[in-house]
Amino acid sequence: MISKKRAIVYGIVLVIVTALFTSTLQIGLGNKVVVSKDLYEKYSKYNKMIGLEGAIKEDFYQKTKDDKLVNGAIKGMFSGLDDPYSQYYTKEEFKRLKEQTSGSFVGIGVIISPSPDDDYLTVVSPIQGSPAEKSGVEAGDKIVKVDGKNVFAKNSDEAISMIKGKEGTTVELTLKRDGKEFDVKVKREEIVSKSVEGKMLEDKIGYVRITSFSENTYKEFKTALDRLKSEGMKGLILDVRDNGGGLLNICKDIADELIGEGTIVYTKDNKGNTEYLKSDKDKLGLPIAILTNENSASASEILTGAIIDNKAGISIGTTTFGKGLVQSVRELKDGTGFKLTTAQYFTPNGDYINEKGIKPTIEVKDTEKQLDAAIDWMKKEIK
């Protein structure tokens, strides 16, 4: 075990380093320091961790690496929040996180998220045309193993790292669907995800599917919307089924094109501070129906709530996922970073939809009939 003297030295070193950064170090006397009582009490709670680090280094049967121990300790601190959406990322992990929102990366092309119902990672949706989709991976599948190793939501960063890899290599996923487990082999490829698909349906009804809210989504959406308007669109069907969300600012820009002057969403932090995201007077001015299902989450729900509460349109399908929490993503100077839930969000009417979701205006449980129901409603509105 670590000696008492050594533990005290570790404690002093931690206090010195912290004090230098917080400018609360009061006196330096050779190899001794005098610190404020508040500072000492604030950091004395970490003495156990320092002591355990010494015990590990002294007694563990293999050599340890400081960076792995530090990363593990930090990850443990985030794990202690009991929030599946808050995570610390190593340099490589944070790089992969940024790739997910940029729209280009090497992988199998699947969007995954922790599930509120169990400890598994759940497939929100395979990217259209991706290796995952071609291999039969479906929205709602639970990822049980990666290359034979069990994976869980609490270690999602490790699972994502295992799923990704070099272009041209293959990964084996053990999936759980309808209570049954099965294996799927998927080849890794460069994924350039297009997040918006637009086309004109019968009776001049425009259809735009949004699969994610990434950096290029608004630009793609605006291009599709302008093209449909130039073709004489009389109504718009938005499809955010199986869309797990993404960047809030992109969602705001899209909502701003549609709803006219009003509130898009508002957030509230742990101090009670409220922030409103507003839209301007410009609006589509046509009937809007938005298609949702149980995998429509986060930004998809914000867009849905903005359209419904501002009476710009209705929703059709099934109740959404229910993620009413906002994450802030921050990169640190050394290339590491973290994602932290920093606020709750509310629809314009004040509804808090976390773990509840948004019920559709018109419920249609049969997936195959949801688009037809939207078309039927739109025809009546156009007439």
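The values are calculated or read from the model by the stated rules, or taken from the named source; none is laboratory data. Values in this document were obtained by computation on a predicted structure and should not be read as measured data. Using ideal geometry, Cβ is built from the backbone for each residue, glycine included, and neighbour counts are taken over all protein chains shown. Please note that ligands, DNA and RNA were not included when accessible areas were found on the heavy atoms of the full protein model with its side chains. Shrake-Rupley method; radii C 1.70, N 1.55, O 1.52, S 1.80 Å.
Exactly one condition in (1) charged (D, E, K, R); (2) within 15 Å of Leu277 (Cβ to Cβ); (3) under 18 Å from the mean Cα position of the chain (by Cα); (4) open to solvent by 10 Å² or more (accessible area, probe 1.4 Å) is false for Glu301; which is it?
Unmet condition: (4).
Taking segment 305-315 only, how many residues are buried (at least 24 other Cβ atoms within 10 Å of the Cβ) and outside any helix (DSSP H, G or I)?
The total comes to 2.
For Ser296, only one of the following conditions fails: (1) of a type in the set (Gly, Ala, Ser); (2) closer than 28 Å to Lys75 by Cβ; (3) in a loop (DSSP other than H, G, I, E, B). What is its number?
The number of the failed condition is (2).
Could you tell me which residue of segment 200-216 is least open to solvent (accessible area, probe 1.4 Å), considering only residues that are modelled with pLDDT of 95 or more and of a type in the set (D, E, K, R)?
So the residue we want is Arg209.
Return yes or no: is Tyr61 open to solvent by 40 Å² or more (accessible area, probe 1.4 Å) and among the hydroxyl-bearing types (Ser, Thr, Tyr)?
On the way: open to solvent by 40 Å² or more (accessible area, probe 1.4 Å): yes; among the hydroxyl-bearing types (Ser, Thr, Tyr): yes.
Yes, satisfied.
How many of the residues in segment 172-199 are open to solvent by 70 Å² or more (accessible area, probe 1.4 Å) and among the β-branched types (Val, Ile, Thr)?
Residues meeting the conditions: 1.
Scan segment 108-120 and give yes if some residue there is within 22 Å of Asp178 (Cα to Cα), modelled with pLDDT of 90 or more, out of contact with any Leu (no Cβ under 6 Å at 6 or more places or on another chain) and surrounded by 15 or more Cβ atoms within 10 Å (Cβ to Cβ), otherwise no.
No, segment 108-120 contains no residue that is within 22 Å of Asp178 (Cα to Cα), modelled with pLDDT of 90 or more, out of contact with any Leu (no Cβ under 6 Å at 6 or more places or on another chain) and surrounded by 15 or more Cβ atoms within 10 Å (Cβ to Cβ).
Would you point out the residue of segment 262-298, among those that are hydrophobic (A, V, I, L, M, F, W, C) and open to solvent by 20 Å² or more (accessible area, probe 1.4 Å), that is farthest from Gly206 (Cα to Cα)?
Once the filter is applied, the top-ranked residue is Leu277.
What number of residues within segment 132-151 are more than 19 Å from Glu294 (Cα to Cα), open to solvent by less than 50 Å² (accessible area, probe 1.4 Å) and in contact with a Leu (Cβ under 8 Å, 6 or more places away or on another chain)?
Looking only at that region, the number is 3.
Only one of these conditions is not met by Gly272: (1) within 23 Å of Asp372 (Cα to Cα); (2) out of contact with any Leu (no Cβ under 7 Å at 6 or more places or on another chain); (3) not charged (D, E, K, R). Which number is it?
Every listed condition holds for Gly272 apart from (1).
Which count do you get for residues in segment 217-261 that are open to solvent by 50 Å² or more (accessible area, probe 1.4 Å) and of a type in the set (D, E, K, R)?
So the count comes out to 10.
How many residues are under 25 Å from the mean Cα position of the chain (by Cα) and not basic (Lys, Arg) if we restrict to segment 200-222?
Selection size over segment 200-222: 12.
Step by step: first the residues of segment 321-346, then only those that are within 23 Å of Ile259 (Cα to Cα) and open to solvent by 10 Å² or more (accessible area, probe 1.4 Å), then the one that is modelled with the lowest pLDDT. Which residue is that?
Top of the filtered list is Val326.
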